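Written below as structure tokens is the structure these notes are about.
The values are calculated or read from the model by the stated rules, or taken from the named source; none is laboratory data. Since the model is a prediction, treat every value here as computed from it, not as a measurement. Here the Cβ is made from the backbone with ideal geometry for all residues, glycine too, and neighbour counts use every protein chain on show.
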Amino acid sequence: MKDQVIKEFKENAIYRLNESSRMVDIALSKINEETVWKRPNGISNSIGNLILHLCGNIRQYAISSLGNLKDTRIRDEEFEVQSGYTKAELKEKLKLTVAEAIETLKNTTDEELIRIRDVQGFQLSGIGIIMHVVEHYSYHTGQIAFWVKQLHANDLGFYDGFDLNIKNE
């Protein structure tokens, strides 16, 4: 039973990571190169900054911490950049980072899932790290979607073809 629960947890975390990636890809397809680095105001981040931030956070938490690798993240740089990556480069960077995180998650042992470690000043188990990565990615995916909707006043069609009004049985 325990193995089944762990397998289900990992599969659902991977599903959610892939779902956020799908949504970010759709949002990116709706904007041009210039828009990637546009900021809503002086204290907000561009979509480019959010993607760099996601890559840094996913690498620090999922890849470095769960994978027992050295943490090389320089967080402030994720927000200082104002250009230098194309939309395609950002998309590829995020895709590769998420793929590496998923592989790390798949290979995380039961012992690593419950081991407590310090990550970015927080004490978290492997399960806590996975939950953080999934929710953090989802949170910033929502910010990206909101900003693209603000810019274009169009639905992004994340669930085109799905009837989301179906009731639970």
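Listing for the model above:
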| item | result |
| --- | --- |
| Selection from region 46-73 of residues that are touching a Gly at 6+ places or on another chain (Cβ under 8 Å) and either of a type in the set (K, R) or free of Cβ contacts under 8 Å to residues at least 24 places away in the same chain (or both) | R73 |
| Qualifying residue in region 15-26 (condition: under 20 Å from Y139 (Cβ atoms), among the basic types (K, R) and at pLDDT below 95) | no |
| Cβ pairs under 7 Å, 6+ apart, first in region 1-25 and closer than 30 Å to I47 by Cβ, second part of a helix (DSSP H, G or I) and among the polar types (S, T, N, Q) | R16/S138; S20/S138; S20/T141; M23/T141; V24/T141 |
| Breaking point among (1) under 27 Å from W37 (Cβ atoms); (2) in a helix (DSSP H, G or I), for S83 | (2) |
| Index of the failed condition, F162 passing every other in (1) out of contact with any Ser or Thr (no Cβ under 6 Å at 6 or more places or on another chain); (2) at pLDDT 95 or above | (2) |
| Residues within region 74-110 that are surrounded by fewer than 16 Cβ atoms within 10 Å (Cβ to Cβ), more than 16 Å from I14 (Cβ to Cβ) and basic (K, R), tallied | 2 |
| Qualifying helices (runs of 4 or more DSSP H) (wholly inside region 1-72; at least 3 residues being among the hydroxyl-bearing types (S, T, Y)) | 2-29 |
| Region 76-92, residues that are in contact (Cβ under 8 Å) with a residue 24 or more places away in the chain and of a type outside the set (D, E) | F79, V81, Q82, S83, Y85, T86, K87, L90, K91 |
| Members of region 93-106 found to be in contact (Cβ under 8 Å) with a residue 12 or more places away in the chain and of a type outside the set (D, E, K, R), listed by number | L94, T97, V98, A101, I102, T104, L105 |
| Single residue of region 111-164 satisfying the filter (of a type in the set (S, T, Y) and without any contact (Cβ under 8 Å) to a residue 24 or more places away in the chain) that is surrounded by the fewest Cβ atoms within 10 Å (Cβ to Cβ) | Y159 |
| Hey, R117 touching a strand residue (DSSP E or B) at 6+ places or on another chain (Cβ under 8 Å) and among the charged types (D, E, K, R) or not | yes |
| Residues satisfying the stated conditions in region 17-51, i.e. surrounded by 16 or more Cβ atoms within 10 Å (Cβ to Cβ) and more than 21 Å from K149 (Cβ to Cβ) | L17 |
| Of all residues making up region 120-159, the number that are of a type in the set (S, T, Y), over 13 Å from Y61 (Cβ atoms) and modelled with pLDDT of 95 or more | 3 |
